[in-house]
Structure formats: structure tokens, C-alpha cells
1. Considering segment 1-38 alone, what residues qualify as being hydrophobic (A, V, I, L, M, F, W, C) and crowded, with 22+ Cβ neighbours inside 10 Å?
2. Can you tell me which residue within segment 237-268, out of those that are of a type outside the set (Ser, Thr, Tyr) and loosely packed, with under 12 Cβ neighbours inside 10 Å, is modelled with the lowest pLDDT?
3. How many of the residues in segment 177-212 are farther than 21 Å from Trp238 by Cα and modelled with pLDDT of 90 or more?
4. Looking only at strands (runs of 3 or more DSSP E) that lie completely in segment 12-96, which have at least 3 residues being more than 26 Å from His232 (Cβ to Cβ) and not hydroxyl-bearing (Ser, Thr, Tyr)?
5. Condition first: under 26 Å from Thr72 (Cβ atoms) and part of a loop (DSSP other than H, G, I, E, B). Now tell me which residues in segment 272-311 satisfy that.
6. Going by the structure shown, is Gly64 of a type outside the set (A, V, I, L, M, F, W, C), buried (at least 18 other Cβ atoms within 10 Å of the Cβ), modelled with pLDDT under 95 and more than 15 Å from the chain's Cα centre (by Cα)?
7. Answer yes or no: is there a residue in segment 116-131 that is surrounded by fewer than 16 Cβ atoms within 10 Å (Cβ to Cβ), closer than 30 Å to Gly185 by Cβ, without any contact (Cβ under 8 Å) to a residue 60 or more places away in the chain and in contact with a strand residue (DSSP E or B) (Cβ under 7 Å, 6 or more places away or on another chain).
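The values are calculated or read from the model by the stated rules, or taken from the named source; none is laboratory data. Model, not experiment: these values are computed from the prediction. When we count neighbours, we look across all protein chains shown, and the Cβ atoms used for this are built from the backbone with ideal geometry, even at glycine.
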Amino acid sequence: MRIFRHPGPLPSRFARPVVALGNFDGVHLGHNSVIARAVDLARDVGQPAGVLTFEPHPRSFFQGSGAPFRLTTFRQKCRALADSGVDLMVNLAFGPEMAALKAQDFVIDILVDGLDIHHVLTGPGFVFGKNRHGNAHILSRMAEREGFGYTEVPAFALGSKGVSSTDIRVFVRRGQVEQAAERLGRLWEFEERVRTGDRRGRDMGFPTANLPLDGVLHPAPGIYAVRAGLGHGASATWHDGAAYIGTRPTFQGTTMVLEVHLFDFSGDLYGQRMRVAFAARVRKDMTFDSAEDLARKIAEDCDRARAILAT
């Protein structure tokens, strides 16, 4: 997948793309239904398949420094979109200029004059442009006038309910990562670079990799069964483990941390990027009377995490 950070003109091999348009935070099953339709249509008409999205997320621009809400970082979103089979990703900077662009001007300046699109697809209820005035009706009307195709893909349903990034965020914040995974089509994961910790875990016999949680969505505090990926792309190696998220109340901590213990692993992880995929919550966060009591509970937690991951 080739990434472009401008609205065009595109190189000839990417000319006249079929584009799925959206924010795609999480790249969940609903998003994938739109993207898959774009890929299928592109293959049918012999055009490149792409996605058009924005960075930062428009919500970040309008709400400022609120509570972290992103399900996927830009790096994670790129990886998930590449796995979906698209040929290109157009990632536009979302700032004051983009926020002030009227819906009709977005269609003309970005979709028509910039990308010269063949066809654009959106999910149901997608809105765009200044004051969110752009919608399926405007896209359909302008598509007919400007000579490109438009499809509003019906909502993807999981059982009797639709799938949304908002619902998935709620599940993650509650620690219900299994329900989040059902809607994502994969385990929800967090990715960061391992940093030096205070080595308390090592002293208790459970060495951990410490990852900063600044600026990202926080799952509910507690112990989780996880799979941790080290390395890049197809060469990444995956390890079973248990992760702790919380403020370490037994040691009077105040800062939220993520600590990951890899089972049957030895080696130096400092400075490496680690992907932490959350399979299930083992228990809530707890306060213990002593480090010894905590160590005994961690041993039980690891046994439970191993059992969960084995199934």
C-alpha cells in the first residue's frame, strides 16, 4: 500500500481510484465492509483501490486535549488498512483549513480536481465538510453532476446490532476486550516502545516490559491475558503473556502504567517496539498488604492467562 499525504495529482498507476472515504478509527468490521466493497468494485472496473482518511482524527481537532479516545494510532491504522488489500491510502492533514472547507468544495477540490476519483464509497451516516453539512445526498447529487460514482454501503450488522467505533471504545474502557475484538475482527492492541521501569516485577520474579500510556485510550485497570509482538511485519515474533494496567496501588502509585510479562522469554526488550494484543481481562486491579501477597497473586494470574490463551 502506497501512502499519499496530498490530494493529488496521483501517479499514473494510481490514477482514477475507487476510494472508501472515512475516519476508520479502529478499522473495525463495519469499516472493512466499506473497504471490501471498494476493493471489489476497483477490481471489477480495473482501477486502483484506495482509502481517503484524515490525521489527526477530526474529533481531536474539535475537542482539543480531552480524554484519549483513539482505538488505533496512525501506524496501527496504516497496518490494518494495508491488510485490507487497498493499493493506496490518501491521508489528509485535518486542521483549520480542512475544517473550514465546505462540503461542495471538498468534493470539487479534493475528490474531483485533486484525486480525479472514479468512484467513492462511504458507510451510512457519514458526514463531512464545514459544520458537517456534507452527507450522502450531497455526494450522490454531486457525483452525478461531476461524473464519478457514489455508493453508500449499508450498515454492517453483528447479530442484531451495528458496529461502531464509539461502542468499541466503551468496551475497551470497561475492560471488555473480548467484546471489542468481536467487533474489530481481531484483538484490540496497543503499541509503543519499551522503556526502563523500576524493576519491581523483576525483583518479584516476574520481569516486565514497561510501555508509556500517554495520549492513548486506556483499558480498565487490571490484569489481562495478552499476546505481544516484537519486530516488524511478517518477521514479527509473538509471545504469550500477562499485562497489568493501573497505578500500582500496592506501592502507592499515581501514574497509569502498562507492564507486560512475557511467558518463557529471556532477553533485553529495552528500546524495542512492542505490540500488545489484549485477549481477555483476568481480574480487576487490587491492593495487596505486601509485595509477597502480590507476587503470589501474580503467579495465579499468569496461570489463568496461560489457560485463556491456550484456548
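1. If the condition is that a residue be hydrophobic (A, V, I, L, M, F, W, C) and crowded, with 22+ Cβ neighbours inside 10 Å, then Val18, Val19, Ala20, Leu21, Phe24, Val27, Val34, Ile35, Ala38 are the ones that fit.
2. Pass one, segment 237-268, residues of a type outside the set (Ser, Thr, Tyr): 238-243, 245-246, 248-249, 251-253, 256-265, 267-268.
Now narrow it down to the ones that are loosely packed, with under 12 Cβ neighbours inside 10 Å: 252, 264, 267-268.
Details: Gln252: 73, Asp264: 92, Gly267: 85, Asp268: 85.
Filtering first and then ranking leaves Gln252.
3. Going through segment 177-212 one residue at a time, the tally reaches 2.
4. Values: elements: 18-21, 49-55, 88-93.
Those strands (runs of 3 or more DSSP E) span 18-21.
5. First pass over segment 272-311, keeping only residues under 26 Å from Thr72 (Cβ atoms): 272-282, 284-285, 305, 308-309.
If the condition is that a residue be under 26 Å from Thr72 (Cβ atoms) and part of a loop (DSSP other than H, G, I, E, B), then Gln272, Asp285 are the ones that fit.
6. Details: of a type outside the set (A, V, I, L, M, F, W, C): yes; buried (at least 18 other Cβ atoms within 10 Å of the Cβ): no; modelled with pLDDT under 95: yes; more than 15 Å from the chain's Cα centre (by Cα): yes.
Considered against the rule, which asks whether it is of a type outside the set (A, V, I, L, M, F, W, C), buried (at least 18 other Cβ atoms within 10 Å of the Cβ), modelled with pLDDT under 95 and more than 15 Å from the chain's Cα centre (by Cα), Gly64 comes out as no.
7. Yes: segment 116-131 contains one or more residues that are surrounded by fewer than 16 Cβ atoms within 10 Å (Cβ to Cβ), closer than 30 Å to Gly185 by Cβ, without any contact (Cβ under 8 Å) to a residue 60 or more places away in the chain and in contact with a strand residue (DSSP E or B) (Cβ under 7 Å, 6 or more places away or on another chain).
This table checks each residue for (1) over 14 Å from the mean Cα position of the chain (by Cα); (2) in the same structural domain as Arg296 (by TED's automatic domain parsing); (3) surrounded by 21 or more Cβ atoms within 10 Å (Cβ to Cβ); (4) not polar (S, T, N, Q).
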position	(1), (2), (3), (4)
Glu144	yes, no, no, yes
Gly147	yes, no, no, yes
Arg169	no, no, no, yes
Arg174	yes, no, no, yes
Glu192	no, yes, no, yes
Leu213	yes, yes, no, yes
Leu217	no, yes, no, yes
